[in-house]
1. Among the numbered conditions (1) out of contact with any helix residue (DSSP H, G or I) (no Cβ under 6 Å at 6 or more places or on another chain); (2) farther than 21 Å from residue 141 by Cβ; (3) buried (at least 18 other Cβ atoms within 10 Å of the Cβ), tell me where residue 94 comes up short.
2. Give the stretch 285-300 a look and list any residue that's surrounded by fewer than 21 Cβ atoms within 10 Å (Cβ to Cβ) and closer than 18 Å to residue 92 by Cβ, or say none.
3. So, of the residues in the stretch 322-334 that are in a loop (DSSP other than H, G, I, E, B) and in contact with a strand residue (DSSP E or B) (Cβ under 9 Å, 6 or more places away or on another chain), which turns out to be surrounded by the most Cβ atoms within 10 Å (Cβ to Cβ)?
4. Can you tell me how many residues within the stretch 364-393 are part of a loop (DSSP other than H, G, I, E, B), out of contact with any helix residue (DSSP H, G or I) (no Cβ under 7 Å at 6 or more places or on another chain) and buried (at least 20 other Cβ atoms within 10 Å of the Cβ)?
5. Which residue, of 506, 469, is in contact with a strand residue (DSSP E or B) (Cβ under 9 Å, 6 or more places away or on another chain) and farther than 23 Å from residue 387 by Cα?
6. Take the residues in the stretch 396-406 that are touching a strand residue (DSSP E or B) at 6+ places or on another chain (Cβ under 6 Å) and surrounded by fewer than 20 Cβ atoms within 10 Å (Cβ to Cβ), then tell me which one is nearest to residue 309 (Cα to Cα).
7. Just name the residue that is farthest from the chain's Cα centre (by Cα) out of those in the stretch 94-113 that are modelled with pLDDT of 95 or more and in a loop (DSSP other than H, G, I, E, B).
8. Considering every residue within the stretch 448-461, establish whether at least one is at positive phi and free of Cβ contacts under 8 Å to residues at least 60 places away in the same chain.
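The values are calculated or read from the model by the stated rules, or taken from the named source; none is laboratory data. Quick caveat: nothing in here was measured; it's all calculated off a predicted structure. Here the Cβ positions follow ideal geometry from the backbone for every residue, glycine too, while neighbour counts run over all protein chains shown.
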């Protein structure tokens, strides 16, 4: 018999209380439902009303808090997050910092707060706490940020009164965080030791409130069952629908999902959070995985970049930009900083959205997806994962473990272009990704073209590719291939763009790619912007 323990034997115990640090206090909770949000807990139960509720969908930044976690490197890292779409089940074992912690009541203002006063960075004040927290998170990472870094940190913070000029001036005036007196810096050693001690390899199981139990002081955070059917929903009548199951490890995750195949996996909740706040959907049993550092590694091996499913956009940016520069401008346009900190590469893929930003470029690069169910693993071409709208090649109990991306050759030409109504923090209307390899004679040796927003799934333009294969890389070849778009796509009209507009943009993005690769960027079609 094998001496290797079974997956079940690797789980030493279970715990039934959520525990985390909130500012300077330890919090434990057992009466938590999958749909409870961090924002409701802060405002309604703890009366920490400095954290505001604005959009309730992760766009305005008024609810920005910092969440500190022990990373894969064993160090404590703080990231800004939108409390409105952070679910309570996701914060176990973390340190949550709100605006109230920066300056004790009656005490002096924190330097960032004082700078906002000195430079007139606040008027109505509703957005100000979120702005301050975003700048606080920036200064934790970069003691002397430049103007561009400040602007990127504020992408997810909306201010309609003041305008951003005085806010940016305030941020640039704070040279660095004080060496003494800053609450989070002063507590860093103690918080690190506490969170490290809590990383005990024990599974968290919370049963949640019963159907007849009132939502206590959460003031309605646990919504009643809503009559809004949607594909993949777990009926509230299903046994265990109110549970939160936080796995102790990736192996434990595999065990949990085999036993609970309809459970809802949540990494950053940048989409699932809206199911709760906007559609009042029931999402349990909930399986949060944002703490699993085993899924948060990025490694280059033998010309292939391996990205764990739990890697956030923020953490993926450096590696992807270093190996495939075309990814950098795309990643800076995915949501605001809070969304990039929480959203994950694997979640964007597993969600199956036809307008997800990561699948088209990964498909253009011929990426492979790695899936796991129990002890069994399989890999498939990423483009084959998307079957049709709302349907992916993923079995019950199976989860995305990683994606592997073959790195393009030094002579390959790669481009990614996102078209949306707003430049920053907006949902894609059309996204085009291109990967071209020319032979020594200047003919197309291989080309892969993938689009998001043009079909019910992220999809390659295979008819266009076929027209271009072996052809000289000239404008005449491009124009001859343009007609094949009608064979590849029948786009829909919606609030983001009409079908005609999408088709025009898709064609023009190919023209743009040609002009970029031939050094004739001045001729790039304006309609592709």
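1. Residue 94 satisfies every listed condition except (2).
2. 292, 293, 294
3. Keep residues of the stretch 322-334 that are in a loop (DSSP other than H, G, I, E, B), which gives 324-326, 332-334.
Now drop any that are not in contact with a strand residue (DSSP E or B) (Cβ under 9 Å, 6 or more places away or on another chain), which leaves 324-326, 333-334.
Values: 324: 19, 325: 12, 326: 20, 333: 19, 334: 24.
Here the residue is 334.
4. Of the residues in that region, 1 qualify.
5. After ruling out the rest, the residue left standing is 469.
6. Among those that are touching a strand residue (DSSP E or B) at 6+ places or on another chain (Cβ under 6 Å) and surrounded by fewer than 20 Cβ atoms within 10 Å (Cβ to Cβ), it is 404.
7. Applying the filter and picking the extreme gives 98.
8. First, the residues of the stretch 448-461 that are at positive phi: 453.
Cutting the leftovers down to free of Cβ contacts under 8 Å to residues at least 60 places away in the same chain gives us none.
The answer is no, given that none of the residues of the stretch 448-461 is at positive phi and free of Cβ contacts under 8 Å to residues at least 60 places away in the same chain.
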